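Here is the structure we will look at, set down as C-alpha cells.
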Amino acid sequence: MSATHEVLNQAPPLIDFSTADDAALLEALRRDGAEWGVPEVREVGRRAGSAEVQEWARMAEENPPVLHTHDRYGHRVDEVEYHPAYHRLMTVAVESGQHAAAWSEPRAGAHLVRAAKFYAFAQAEPGHGCPISMTYAAVPALRAQPDLAAVYEPLLGARTYDFGLRPPLEKRGLIAGMSMTEKQGGSDVRANTTWAEAQPDGSYALTGHKWFTSAPMSDVFLTLAQADEGLTCFLVPRVLPDGTRNPIRLQRLKNKLGNRSNASSEIEYEGALAWRVGEPGRGVRTIVEMVNMTRLDCVIGSAAGMRAGLRQAMHHAEHRRAFGAELIDQPLMRNVLADLAIESEAATTLALRLATALDRAEAGDPAEAALRRLGLAVSKYWVCKRGSAHAAEALECLGGNGYVEDSGMPRLYREAPLLSIWEGSGNVAALDVLRALGREEGVWDAFLAEVDAAAGADARLDAAIARLRELLPQLADPQRAQVLARRLAEQMALVLQGSLLVRHSHPAVADAFCASRLGGDWGHAFGTLPPGADTGPILERARLKDVR
C-alpha cells in the first residue's frame, strides 16, 4: 500500500545548533571582562544543541528516577536509580565547570562565565541543573565553617562527576544538596522541628522530617535543625567515614508537575551524623548565602527557558506557511515573536548582570554586593514569574504541535513554574525586596546608581524611575508596604531591565521595551507591542545564527 500523501509544511527537527549563538549572551561576556570564557561557553552551547544531548534530555525526562527503599533481602538501602542519560548530562555539566568550579578556579569574570555556561546548557535539559546549582551554592555557606570548607570545597569544585555511595572524602568530586523545608513550615524555616543533639566528639545527631530534599543521592547536604542555641546550619554526609550509610531514610519521591529528571524526596533523619556550619543559632544567616546563589540560578534558568521557547517558536514560524505566507512574515505573528524576543533578552541581560555583580562583589566592591542583594530579590520575583507566561505563549506559537509532548514544549511549560516557586515563591521574593530595603544599608543607592546610568537616554525610562522614587515613601507603613510589595518588585525589575537594554541592546529592542513595559503602550498578552515597533531588527537579533 502506498502512502496517502507526502508530509509537507512541517518544520524540520531543530538539532545540531548552538545555544551559545545568542547576541545578548556573548555581548555580556565581552562587555564585562569575561571574553576569555567565550570559547568555553561556545563549546557548552554546541553540546547543548547537539542531537546527542537533545536525546539525553528526552530520555532523562521520560524515564524519571525510581526510589528503592530496600534491597531484595529486606535491608534498608534508600537509593534512587537514575536513567543513564541523567548521569551523562551531569557529567557534561560538571566537567565544563557549571557547578562549583568558579570558586575553585577564581579569575576575573569566573562567575559570569559559569552563569553563561549554566544558561546555555539548561536550555537542553533543566532538571539536572538542580544539583549542579546546589553544589555551586553550597560553597559560600560552607565557608562559614573554615575547617569544613578546607576539606570539602576542593572536592565540590573538582571537575569530576563521581556518582556512587562512598565516603565523601574518598571520592574525586562531590555533589551537594540542600534540605531545609518541613511540612509544618515551608518557607518559614524558623518553624522547623528537626532536632540536633550535640555529641561528645563535637558532631551532632539529627532527628526529624524534611518535606523537600532535592537530589537525595547527593554526597553531602546543608540542612537546618534546632540546636540548644536555636536554629543552626549543619553539613550532613550521605555516607559515613566508615562506609556505612548515614541514617537518612527516603520516605518517598515527590510526584512533580515538571523537573521530572531530578528526584525530590521526603526524608527522615534518624540520628543522622552532622557537623555544625557557622555559629550556633545563626542557621538562617548561614544558609542564606546558599539561598542567594540558588536564587541567581533560578533567574538564569528562567532566562534559559525563555530563550529555548523563543528558539522553538522562531524555528516553527520560519518553516510553516499559513494563508499564503510564512508565519514569520505574518504581521501579527511577527509582533508576538518580537515581544517574546524582547522578554527573553531582558531576562538574559538582567541575569548576566547579576552574575557580573557577584564577580565584582567577590573582588571587594560593596556597591556591587548591594546591587546583587536587592537585584536578586527583584529578579527572582519578576523574571521567574514571567517565565510561565512566556512558555505558554511560545507553546501556542506552534499551535497543536506545541501541545504534543514530541515537540518538547510541554517540558518547558511544566518546568517554568518551578523556578518561580523554588527558593521562595512570589510573595516570599516580594517581601524579601522590602526586607532588603528596610535592613540592608546601601541597597537602594546601589540600585538607583545602576538605573541612573541610563538617565536621559529614554524619557519613558526616566519617568518610570521617577515613579519608583515616589513609591518608596509609601513603604513606611508596614501594612501598606506588604500590599505594595509586588507592585514595587515588578516596577523595579522593569526599570532595571529597561536601563540595561537602553545601554547595551539594539535600539529597536530598547525602544520597544520602554514603549511597552515602561510607557504603557502595551496590552496584557504577548504580541501587543505598539504598531510603530520595529520588529525587523528585533527578530534578526533573536534568530538562531552564529554570532561573532
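The values are calculated or read from the model by the stated rules, or taken from the named source; none is laboratory data. Since this is a predicted model, take the numbers as computed values, not measurements. Positions of Cβ are generated from backbone atoms using ideal geometry, with glycine treated the same way; all protein chains shown enter the neighbour counts.
A quick yes/no check of all residues on (1) free of Cβ contacts under 8 Å to residues at least 60 places away in the same chain; (2) crowded, with 21+ Cβ neighbours inside 10 Å; (3) not charged (D, E, K, R):
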{"position": "V38", "(1), (2), (3)": "yes, no, yes"}
{"position": "E55", "(1), (2), (3)": "yes, no, no"}
{"position": "H75", "(1), (2), (3)": "yes, no, yes"}
{"position": "Y86", "(1), (2), (3)": "no, yes, yes"}
{"position": "E95", "(1), (2), (3)": "no, no, no"}
{"position": "A108", "(1), (2), (3)": "no, no, yes"}
{"position": "K117", "(1), (2), (3)": "no, yes, no"}
{"position": "A122", "(1), (2), (3)": "no, yes, yes"}
{"position": "E125", "(1), (2), (3)": "no, yes, no"}
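Go through the stretch 159-189 and give me each residue that's within 17 Å of E289 (Cβ to Cβ) and out of contact with any helix residue (DSSP H, G or I) (no Cβ under 9 Å at 6 or more places or on another chain).
Across the stretch 159-189, the qualifying residue is only S179.
Looking at (1) in contact with a Lys or Arg (Cβ under 9 Å, 6 or more places away or on another chain); (2) over 30 Å from L231 (Cβ atoms), can you tell me which one S379 breaks?
It fails just one condition, (2).
Please list, ordered by first then second residue, the pairs with beta carbon atoms under 8 Å, 6 or more apart or interchain, first in the stretch 464-491 and not small (G, A, S), second not in a helix (DSSP H, G or I).
I465/A455
Conditions: (1) surrounded by fewer than 24 Cβ atoms within 10 Å (Cβ to Cβ); (2) touching an Asp or Glu at 6+ places or on another chain (Cβ under 7 Å). M333 meets all but one. Number of the miss?
The single condition M333 does not satisfy is (2).
Residues to consider are R252, R245; find the one that is within 26 Å of the chain's Cα centre (by Cα) and in contact (Cβ under 8 Å) with a residue 24 or more places away in the chain. Before the answer, list the steps.
Details: R245 fails: within 26 Å of the chain's Cα centre (by Cα).
Step by step, each of R252, R245 is checked, and only R252 is within 26 Å of the chain's Cα centre (by Cα) and in contact (Cβ under 8 Å) with a residue 24 or more places away in the chain.
Going through V443, V483 one at a time, which residue ends up being more than 19 Å from T356 (Cβ to Cβ) and either of a type in the set (V, I, T) or not assigned by TED's automatic domain parsing to the domain that holds I328 (or both)?
Working: V443 fails: more than 19 Å from T356 (Cβ to Cβ).
Sole residue among the options that is more than 19 Å from T356 (Cβ to Cβ) and either of a type in the set (V, I, T) or not assigned by TED's automatic domain parsing to the domain that holds I328 (or both): V483.
Mind checking whether some residue in the stretch 449-457 is in contact (Cβ under 8 Å) with a residue 60 or more places away in the chain, among the β-branched types (V, I, T) and surrounded by 17 or more Cβ atoms within 10 Å (Cβ to Cβ)?
From the stretch 449-457, those in contact (Cβ under 8 Å) with a residue 60 or more places away in the chain are 449-450; that's our starting set.
Okay, now just the ones that are also among the β-branched types (V, I, T), so none.
Checked against the condition, which is being in contact (Cβ under 8 Å) with a residue 60 or more places away in the chain, among the β-branched types (V, I, T) and surrounded by 17 or more Cβ atoms within 10 Å (Cβ to Cβ), the stretch 449-457 yields no hits at all.
If we only count helices (runs of 4 or more DSSP H) wholly inside the stretch 405-477, which ones have 1 or more residues that are at pLDDT below 95 and hydroxyl-bearing (S, T, Y)?
Values: elements: 409-421, 426-439, 443-451, 459-471.
Result: 409-421.
Under 6 Å between Cβ atoms, which residue pairs at least 6 apart in sequence (or on different chains) link something in the stretch 356-385 that is of a type in the set (V, I, T) with a partner that is assigned to a helix (DSSP H, G or I)?
Pairs found: T356/L112; V378/V433; V378/A489; V378/M492; V378/A493; V383/V299; V383/S302; V383/A347.
Cβ-Cβ under 6 Å, sequence separation 6+ or interchain: first residue in the stretch 291-313 and more than 25 Å from L14 (Cβ to Cβ), partner among the charged types (D, E, K, R) and at pLDDT below 95. Which pairs?
V291/E423; T294/E423; R295/E423; C298/E423
As an exercise: evaluate K210 against (1) modelled with pLDDT under 95; (2) in a loop (DSSP other than H, G, I, E, B) and give the number of the one condition it does not meet.
Of the numbered conditions (1) modelled with pLDDT under 95; (2) in a loop (DSSP other than H, G, I, E, B), the odd one out for K210 is (2).
To keep it simple, each residue is scored yes or no on (1) over 23 Å from A191 (Cα atoms); (2) at pLDDT below 95; (3) buried (at least 24 other Cβ atoms within 10 Å of the Cβ).
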position	(1), (2), (3)
A272	no, no, yes
T286	no, yes, yes
T294	no, yes, no
A325	yes, yes, no
I342	yes, no, yes
L352	yes, no, yes
A357	yes, no, yes
A361	yes, no, no
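Is one or more of the residues making up the stretch 521-528 among the charged types (D, E, K, R) and in contact (Cβ under 8 Å) with a residue 24 or more places away in the chain? I'd like the intermediate steps shown before the answer.
Filtering the stretch 521-528 for residues among the charged types (D, E, K, R) gives 521.
Next, only the ones that are in contact (Cβ under 8 Å) with a residue 24 or more places away in the chain stay: none.
No, every residue in the stretch 521-528 fails to be among the charged types (D, E, K, R) and in contact (Cβ under 8 Å) with a residue 24 or more places away in the chain.
Take the residues of the stretch 513-526 that are modelled with pLDDT of 90 or more and farther than 18 Å from M492 by Cα: which is surrounded by the most Cβ atoms within 10 Å (Cβ to Cβ)?
Within the stretch 513-526, the first condition is being modelled with pLDDT of 90 or more, and the residues that meet it are 513-519, 525-526.
Cutting the leftovers down to farther than 18 Å from M492 by Cα gives us 525-526.
On the way: A525: 11, F526: 23.
For the stretch 513-526, the residue satisfying everything is F526.
Residues in the stretch 237-255 that are closer than 30 Å to E405 by Cβ and buried (at least 16 other Cβ atoms within 10 Å of the Cβ): how many?
Here is the first cut: in the stretch 237-255, the residues closer than 30 Å to E405 by Cβ are 250-255.
Retained after the next criterion (residues that are buried (at least 16 other Cβ atoms within 10 Å of the Cβ)): 250, 253.
The total comes to 2.
Quick check on E79: is it within 20 Å of the chain's Cα centre (by Cα) and within 28 Å of A57 (Cα to Cα)? Walk me through how you get there before you give the answer.
Values: within 20 Å of the chain's Cα centre (by Cα): no; within 28 Å of A57 (Cα to Cα): yes.
Against the criterion (within 20 Å of the chain's Cα centre (by Cα) and within 28 Å of A57 (Cα to Cα)), E79 does not qualify.
Could you list, in sequence order, the residues of the stretch 128-158 that are in contact with a His (Cβ under 8 Å, 6 or more places away or on another chain) and either outside any helix (DSSP H, G or I) or surrounded by fewer than 22 Cβ atoms within 10 Å (Cβ to Cβ) (or both)?
Of everything in the stretch 128-158, just one residue is in contact with a His (Cβ under 8 Å, 6 or more places away or on another chain) and either outside any helix (DSSP H, G or I) or surrounded by fewer than 22 Cβ atoms within 10 Å (Cβ to Cβ) (or both), namely G157.
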